[in-house]
Amino acid sequence: MAEKEKLRLDKYLWAIRLFKTRSLAADACGGNKVKCKGVNMKAAKIVKIGDQYEIKTEAKNWLIEVAGLLHKRVQYAEAIHYYIDLTPEEEKEKVKETAFVFQTGKRQSKQGRPTKKQKRDLENFISPL
């Protein structure tokens, strides 16, 4: 096997953009949040095409299959071609139901500014008379 064909699990998870930094990906592996066939994976495990991984991130629980090896971080539009998302539909729906505001503290994009009525309702909710 050539050296270029070997790829660490933490580097792969970072390259396909499931984690923002490689150290976060390594921490997830060390924190038992990455599994293959129910077995906890270490960050240094070599990734092979066809492997399936269960990954717990803050946003959702992923189930992915490795479709290709990606050695460097690329744009999201290109990175999604290197894995197959096998996450069950109910998990995807659960993520959509979760309020975006509570996860990041920010409003969803394209939602616009709150109206006067929404501001009054929020103020009354926070400090009722």
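The values are calculated or read from the model by the stated rules, or taken from the named source; none is laboratory data. All values reported here derive from a predicted model rather than from experimental measurement. Cβ: placed from backbone, ideal geometry, glycine included. Neighbour counts: every protein chain shown.
Scan segment 1-22 and give yes if some residue there is free of Cβ contacts under 8 Å to residues at least 12 places away in the same chain and of a type in the set (Ser, Thr, Tyr), otherwise no. There is at least one residue in segment 1-22 that is free of Cβ contacts under 8 Å to residues at least 12 places away in the same chain and of a type in the set (Ser, Thr, Tyr). On the given criteria, is LYS37 among the charged types (D, E, K, R), at pLDDT 90 or above and closer than 14 Å to LEU13 by Cβ? For LYS37, the condition - among the charged types (D, E, K, R), at pLDDT 90 or above and closer than 14 Å to LEU13 by Cβ - is not met. As a summary of the residue check, ASP27 satisfies the conditions (1) part of a loop (DSSP other than H, G, I, E, B); (2) free of Cβ contacts under 8 Å to residues at least 12 places away in the same chain; (3) of a type outside the set (Phe, Trp, Tyr) except for the one numbered (1).
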